[in-house]
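Undergrad: Got a structure here, written out as structure tokens. Questions coming.
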Amino acid sequence: MYRPRVIPVLLLKGNILVKSVQFKNHNYIGDPINAVKIFNDLKADELIFLDIEASKQGRLISLDFVREVGEEANMPFGVGGGVKSLADIESIIKAGAERIIINSAAENNSFIKEACLNFGSSTISVCIDVKKKIFKGNHVWINAGTKSISNSPVNFARKMEDLGVGEVIIQSMANDGRMGGYDIELIKEITQNITIPVTALGGAGNTNDLLQAYDEGLANGLAAGSMFVYHGSNKGVLVNYPEKKELEFSRFI
Amino acid sequence: MGNLSSVARRLNSLNSTAIISSDANEILSADKIILPGVGHFQKAMKNIQSLHLEAALHEAVLVKKTPVLGICLGMQLMANSSEEGSVKGLGWFDAEVVKFEVEDKVNYKVPHIGWNSVAINKKSPIMNGILHEERFYFVHSYHIKMKNKQDILNETEYSYKFTSGIERENIFGVQYHPEKSHDAGNQFFKNFIAL
């Protein structure tokens, strides 16, 4: 029976792990390779690494880092951060990642199309960061949430599907780091209007939130940051992952 | 081919020696061969042809009977043809590769990405110690359709039942990714190494 993937999203600043709240206030979490080792032991489904400063600094996520993760990880992993050319993608895949996550360069339609043609749809994911503009509703943002490029997340997601993208990650910037649940309406709006898999991100605080994004949001991938690196109400740093039996949910029964 | 390095790493961690090769002599002298691959059917076949590896693969697999394992696209290449391009496959199985045709597009997105159960349809050394309906990691938009049902090793359900593993004599192919499937994947590779 098909089971949705539950995916820790790990944010990088340089070579250290951090966690944000609403894309700001980055807290130090620890050493990313150590986290990979723990997620191996906990048998995580998949991991995502995002270098949140790469685009801003006009560079690519460190290939040495990707190689190091690849040597450790017993599960598939995706990588994002400053990816803007076919050569970038090729070097990341050669370094060992399965999936490429594109955010800022997603405004370049011809690049996205070429990337999907050259590396296959299932290699290319686009992360759609969504935040409201005052009085103007949801917009799509790039460059770590600093530049708006579309006033319709649904239309943007449809365009990505048309260009051949294999999966979209839909992230609520307002819910980021709050651990109060996903933006279910936003996720549902996307999942009901495209035929490629959708991974939910932004806001999950516990396994019930994951279940809700799956049952009500109809998401295929359930991604989160804080939930997998914090423990307890004081947000003590503790890398964790639900037991498999807690994740035995299926809407196909 | 996307998963080359992770397959090689997994094999090396199990005390076997894996080399990544595009050399016909190395292919002919190998004890075992793995065809990995995430990517595009037509591009992969054209690569094999432009590197002049097709004849070596046929000889190693069909004449020398070297055990061979195809993973994901590597398995699909063993079919006669694919809807993903017009170029012919290796043709080791009387089969064609087709795109997922799902009706319920809200619940069943394509590509099929995630962990899914793998049913064991026949006894095979490569399934030793692996539970019936064990979950493996999948990521694909196309799947193989077999003419000879006795060559079906595994089946998996995603909107409908499709063939997720194939086997005939020394030839094995799986749609799932054992190199990314934790303990079950390790067991699978141990079985392949022990063939």
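Undergrad: For a bin width of 10 Å, list the pair-distance distribution of segment B:107-195 built from all Cα-Cα distances, rounded to whole %.
TA: Over segment B:107-195, the share of Cα pairs per 10 Å bin runs 17, 55, 27, 2 percent.
Undergrad: Just to be sure I understand: with springs between alpha-carbon atoms less than 10 Å apart, which residue in B:LYS64, B:LYS161, B:LYS180 has the highest mean-square fluctuation in the Gaussian network model of chain B?
TA: Per the Cα network of chain B with a 10 Å cutoff, B:LYS161 tops the list.
Undergrad: So which residue, out of A:SER62, A:SER110, A:SER148, gets the largest mean-square fluctuation from a GNM of chain A using Cα contacts under 10 Å as springs?
TA: For chain A, modelled as a Gaussian network with Cα springs under 10 Å, the answer is A:SER110.
Undergrad: Hey, how many Å between the Cα centroid of segment B:1-77 and the Cα centroid of segment A:52-113?
TA: 26 Å
Undergrad: So if we plug the beta-carbon distance of A:LEU42 and A:ASN193 into 1/(1 + (r/R0)^6) with R0 = 60 Å, what FRET efficiency do we get, rounded to 0.05? Please report the intermediate quantities before stating the final value.
TA: Working: r = 34 Å, r/R0 = 0.57.
Computed FRET efficiency for A:LEU42 and A:ASN193: 0.95.
Undergrad: Quick one: Karplus J couplings for segment A:146-154, per residue in order, coefficients 6.51, -1.76, 1.60, θ = phi - 60°, nearest Hz, x for Gly and Pro?
TA: Here the 3J(HN,Hα) series is 10, 9, 8, 10, 7, 9, 9, x, 5 Hz.
Undergrad: Of all beta bridges DSSP finds with both residues in the protein assembly as shown, what is the antiparallel percent, to the nearest 5? Walk me through the numbers before you get to the answer.
TA: Details: 43 of 82 bridges.
Once the DSSP bridges in the protein assembly as shown are tallied, antiparallel ones form about 50 percent.
Undergrad: Connecting C-alpha atoms closer than 10 Å in a GNM of chain B, tell me which of B:ASN170, B:ASN47, B:ASN15 has the biggest fluctuation.
TA: For chain B, modelled as a Gaussian network with Cα springs under 10 Å, the answer is B:ASN15.
Undergrad: Per-residue mean of other chain beta-carbon atoms within 10 angstrom of the beta-carbon, peptide B:174-181? Please list the in-between numbers first.
TA: Values: counts 0, 0, 0, 3, 0, 4, 8, 3.
Average neighbour count from other chains, rounded to a whole number: 2.
Undergrad: Let me know the whole percent of all Cα-Cα pairs from segment A:149-234 that are separated by more than 15 Å.
TA: Tail of the P(r) past 15 Å holds 54 percent of the pairs.
Undergrad: Using only atoms on other chains, find how many Cβ atoms lie within 10 Å of each Cβ of peptide B:149-161 and report the average.
TA: Working: counts 0, 0, 0, 0, 0, 0, 0, 2, 3, 3, 2, 0, 0.
Averaged over the peptide's residues, the number is 1.
Undergrad: Using a 10 Å cut-off on Cβ to Cβ distances, tally the other chain neighbours for every residue of B:100-106 and report the average as a whole number. Write out the running numbers ahead of the final one.
TA: Working: counts 0, 0, 1, 0, 1, 4, 7.
For this peptide, the per-residue mean of nearby foreign Cβ atoms is 2.
Undergrad: Another question, if that's okay. With n ≥ 4 as the cut-off for DSSP H runs, can you work out [θ] at 222 nm for chain A, using -39500 (n - 2.57) per run divided by the number of residues, rounded to the nearest 500?
TA: My calculation for chain A gives -8000 deg cm²/dmol from helical runs alone.
Undergrad: Over the alpha-carbon set of segment B:23-91, divide Rg by the Kirkwood Rh and report the Rg/Rh ratio to two decimals.
TA: When Rh is taken as the Kirkwood radius, the ratio is 0.94.
Undergrad: Continuing with the same structure: Suppose R0 equals 41 Å; then what is the FRET efficiency for B:ASP23 and B:GLU83 from their Cβ-Cβ distance, rounded to the nearest 0.05? Don't skip to the end; give the middle numbers.
TA: Values: r = 31 Å, r/R0 = 0.76.
Here the calculated transfer efficiency is 0.85.
Undergrad: In a Debye calculation with equal point scatterers on the alpha-carbon sites of chain A and no solvent, what is log10 I(q)/I(0) at q = 0.17 Å⁻¹?
TA: Treating every Cα as an identical point scatterer, log10 I(q)/I(0) equals -1.40.
Undergrad: Once you put a point 7 Å from the Cα of A:LEU238 and another 7 Å from the Cα of A:ASN34, both along the Cβ direction, what distance in nm separates them?
TA: Placing both labels 7 Å along Cα→Cβ, they lie 1.6 nm apart.
Undergrad: How high is the relative contact order of segment B:79-195, in percent, counting Cα pairs under 8 Å that sit 6 or more residues apart? Intermediate results must be reported in sequence, preceding the final value.
TA: Working: 225 pairs, mean separation 27.9, N = 117.
RCO, segment B:79-195: 24 percent.
Undergrad: In chain A, if the dipole is taken from +1 on Lys/Arg beta carbons and -1 on Asp/Glu beta carbons about the Cα centre, which of A:SER125, A:ILE187, A:VAL21 is farthest to the positive end?
TA: Ranked along the dipole, the leading option is A:VAL21.
Undergrad: Sticking with this structure for a sec: What is the distance in Å between the Cα centres of segment B:109-132 and segment A:179-221?
TA: 27 Å
Undergrad: Considering the dipole of the protein assembly as shown built from charges on the beta carbon (Lys and Arg +1, Asp and Glu -1) around the Cα centre, which of A:SER226, B:VAL174, A:GLY58 is farthest to its positive end?
TA: A:GLY58
Undergrad: Can you classify segment A:2-98 as rounded, prolate or oblate using the Cα gyration tensor, where a ≥ b ≥ c are the square roots of its eigenvalues, rounded means a/c under 1.5, and otherwise it's prolate if a/b beats b/c and oblate if not? Write out the running numbers ahead of the final one.
TA: Values: a/c = 1.58, a/b = 1.11, b/c = 1.43.
Taking the square roots of the gyration eigenvalues as a ≥ b ≥ c, segment A:2-98 is oblate.
Undergrad: Also: Give me the percent relative contact order of segment A:5-247, please, defined on Cα pairs under 8 angstrom at least 6 residues apart. Provide the component values of the computation, followed by the final result.
TA: Values: 536 pairs, mean separation 41.5, N = 243.
This gives 17 percent for segment A:5-247.
Undergrad: Given a Förster distance of 25 Å, report the FRET efficiency between B:LYS64 and A:ASN118 from their Cβ-Cβ distance, rounded to the nearest 0.05. Don't jump to the answer; show the numbers that get you there.
TA: Working: r = 34 Å, r/R0 = 1.36.
E between B:LYS64 and A:ASN118, to the nearest 0.05, is 0.15.
Undergrad: With only alpha-carbon atoms counted, please give the Rg and Dmax of chain B, in Å.
TA: 15.6, 49
Undergrad: Can you put A:ASP176, A:ASP129, B:ASP183, A:ASP88 in order of Cβ neighbours within 10 angstrom, beginning with the fewest?
TA: Working: A:ASP176 23, A:ASP129 27, B:ASP183 12, A:ASP88 19.
Placing the least packed residue first, the sequence is B:ASP183, A:ASP88, A:ASP176, A:ASP129.
Undergrad: Ok, one more. So what's the back-of-envelope 222 nm ellipticity for chain B, counting only DSSP H runs of four-plus at -39500 (n - 2.57) apiece and dividing by all residues, rounded to 500? If you can, show how the numbers build up before the last one.
TA: On the way: 6 runs with 48 residues, N = 195.
Theoretical 222 nm ellipticity from helices: -6500 deg cm²/dmol.
Undergrad: Quick one: order A:THR199, B:THR163 by neighbouring beta-carbon count within 10 Å, fewest to most.
TA: Values: A:THR199 27, B:THR163 23.
Fewest-to-most ranking of A:THR199, B:THR163: B:THR163, A:THR199.
Undergrad: If the cut-off is a Cα-Cα distance under 12 Å, which aspartates and glutamates reach A:LYS244, setting aside same-chain residues fewer than 8 apart in sequence?
TA: Straight-distance partners of A:LYS244: A:ASP45.
Undergrad: How big is the antiparallel share of DSSP beta bridges in segment B:4-194, given as a percent to the nearest 5?
TA: Details: 25 of 34 bridges.
So the antiparallel bridges amount to about 75 percent of the total.
Undergrad: Could I ask something else about it? Over chain B, calculate the relative contact order: mean separation of alpha carbon pairs under 8 Å at least 6 apart, over the residue count, as a percent. Spell out each step's value before the answer.
TA: Details: 384 pairs, mean separation 38.9, N = 195.
20 percent.
Undergrad: Okay, next question. Can you quote the Å³ per residue value for the convex hull of the Cα atoms in the protein assembly as shown, rounded to an integer?
TA: Values: hull volume 59.2 nm³, N = 448.
Hull volume normalised by residue count: 132 Å³.
Coordinate-derived values only; no laboratory data. Keep in mind it's a predicted model, so treat the numbers as computed, not measured. Using ideal geometry, Cβ is built from the backbone for each residue, glycine included, and neighbour counts are taken over all protein chains shown.
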